[in-house]
Amino acid sequence: MRIGLLTEGGYPYAGGDTGLWCDRLVRGLGQHEFDVYALRSGRQREDDGWLPIPPQVRRVRTARPGAAGGDGAPLGRRARRRFTEHYGELLAAVCAPQEGSVAEVADRFGNALYSLAELARDTGALTGALRSDHAVTALERACRAPGAPRAAHEARVPDLLAVTDHLARALFPLSLDWYGEDALAAVDLCHATSGGSAALPGLLARHFSGVPLLVTEYGVQLRAHYLALGPDSAAPAVRALLAAFHGRLAGEVYRRAEILTPGSSHARRWQERCGADRARIRTVHPGMDADRFAEVGEAPDRADADTLVWVGRIEPGRDLVSLLHAFAEVRKEEPHTRLRLVGVPVGAEGEAYLAQCRALAAQLFPDEAEGLHAVGDNPVSFTEVGAPEAPTLPDAYAAGAVVVLSSVVEGFPVSLAEAMFCGRATVSTDVGAVVEVIGGTGLVVPPRNPRALAEACVTLLRDPERRARLGAAARARALELFGVDQNIAAFHGIYLEIMSHCPVRRVVVDEAGEPLPFAVPAEAHVPGRWTVPTVLRGSPAPVRAGAEGAR
């Protein structure tokens, strides 16, 4: 089977959990062939380099906004009229009143989206048109239309320009040359590793060539957009319009995908709320590499009985402020306890939050010294993986007897699953998929409740036998549910299920253009190579392409 793997900001570039999961998936399904189509947001991923590409990857094509397709040739009068009509229809669906028919608005949005894709295929690219004055004018007209949201009515010129720029970047896959017979039209299945823009090429391959689409979401893209569009990040009109657009796009992806594979029940509920058919949803937990944590998980005595550990990305959603206040309560009960925070800040906001947490820790816990002539030491330490205190990620978890998760916002808690692989007892806030992941192998408390968090930590610090039981149960649960083998087996079965219901039927012709009805034997659809491959007309030879060219 030939799979078109659609990624965004991850595989084949190094770094990130999504890229590592894709690499394990591709290597585990060596009986299939993969074509990787990667969307990237900037040049920072180029510096990370590529992961080693296994032989079953036939080609890799990458694109980013502004580099793929350029601005395209200027549209003629007729094409410009078509663009104004279809783009206006798309925006009208985005600004449609909420009391209208959901199915009718969804059809309207989808029809306009595919009409724009057909226009892009006819004209070469729409990148310039999506940023033109015509696009801004169409957006203003949709915002002023009767029934549009109140926030959209109040949009000013800077708001319209910001939304237009965002939509141009989100819709740039319409202008890619990925939908011909030598690209996605030649695959048997498109597998998008996230929703949103990453799944858009799969929607177009389905529209143009009937290629079935599988969408995997371990972190719901729509939820991520909602969180990114906070009150401090954009004006109310910009937030309302972009939230409506991404909601319509997510609904179209969920409606057209043959199967959706959320990574947890939490993500599944998001998809169902956005209109996904429950019968087409299969929950598949992420496949994580358990071997790297085996040494720590099998040696629980390495832990410091008086140390709490937090591991993750440092950002406001992790609520380290509540954790520090909770630790102040823990110190009142267990004065010798220490807290180790292991993580890196995310962006400028994360750097500012880290500085705030450091200042709070210095205020709550003045440096302590054992005697008059000793140097003081703070019971709270901030470090990163790779530092002498935590050379590797397993070493970070091994340092403490209890691993704490204090988030107020969480999708699939990767750090919690890693702690379970390490056989550590955990205390977590009840957010996202935490309860589903932890089961009964850890303590769960309400978010933003430092007192409850502190009481749970003290309970486990004072009971080493219970810590050992919970840690052993957590490791057994993680090995059963979150291993690589379970993930690969699930997707192998899903691939076969989709192909059994939605086979791609291509017409093979001879040199005279006449169809060859028996040119592709039945055994060609069985995994593995049965005959010497022959390149027929319409069947491209294996190639490998890289960023904006051959690689």
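The values are calculated or read from the model by the stated rules, or taken from the named source; none is laboratory data. Bear in mind the structure is a predicted one, so any value in this text is a computation, not a measurement. We work out accessible area using only protein heavy atoms, side chains counted, and drop any ligands, DNA or RNA first. Shrake-Rupley method; radii C 1.70, N 1.55, O 1.52, S 1.80 Å.
Taking all protein chains as they are arranged and a probe of 1.4 Å, the heavy atoms of Asp430 leave approximately 80 Å² accessible to solvent. The accessible area of Arg64, taken with all protein chains in place and a 1.4 Å probe, comes to roughly 30 Å². Sorting Arg268, Arg27, Arg82 by solvent-accessible area of protein heavy atoms yields Arg27, Arg82, Arg268, largest first, with a 1.4 Å probe. Using θ = phi - 60° in the Karplus curve 6.51 cos²θ - 1.76 cosθ + 1.60, the 3J(HN,Hα) couplings for segment 264-279 round to 7, 5, 4, 5, 4, 5, 4, 5, 5, 5, 8, x, 5, 6, 4, 5 Hz; x is entered for Gly and Pro. Counting only protein heavy atoms and a 1.4 Å probe, segment 110-214 has 34 square angstrom of accessible area per residue.
Sorting Met1, Met420 by solvent-accessible area of protein heavy atoms yields Met1, Met420, largest first, with a 1.4 Å probe. Given a 1.4 angstrom probe, I'd like the percentage of the accessible area of segment 202-321 that is carbon and sulfur, rounded to a whole number. Heavy-atom surface of segment 202-321 belonging to carbon and sulfur, 1.4 Å probe: 46 percent.
Using each residue's phi in segment 393-402, evaluate 6.51 cos²θ - 1.76 cosθ + 1.60 at θ = phi - 60° and report the 3J(HN,Hα) Karplus result to the nearest Hz, with x for Gly and Pro. Along segment 393-402, the couplings run 4, x, 5, 5, 6, 5, 5, x, 7, 10 Hz. When the solvent-accessible area of segment 414-490 is split by element, carbon and sulfur atoms take up 51 percent of it, the probe being 1.4 Å. For the residues Thr7, Thr392, a 1.4 Å probe over the protein chains yields an accessible-area ranking, largest first, of Thr392, Thr7.
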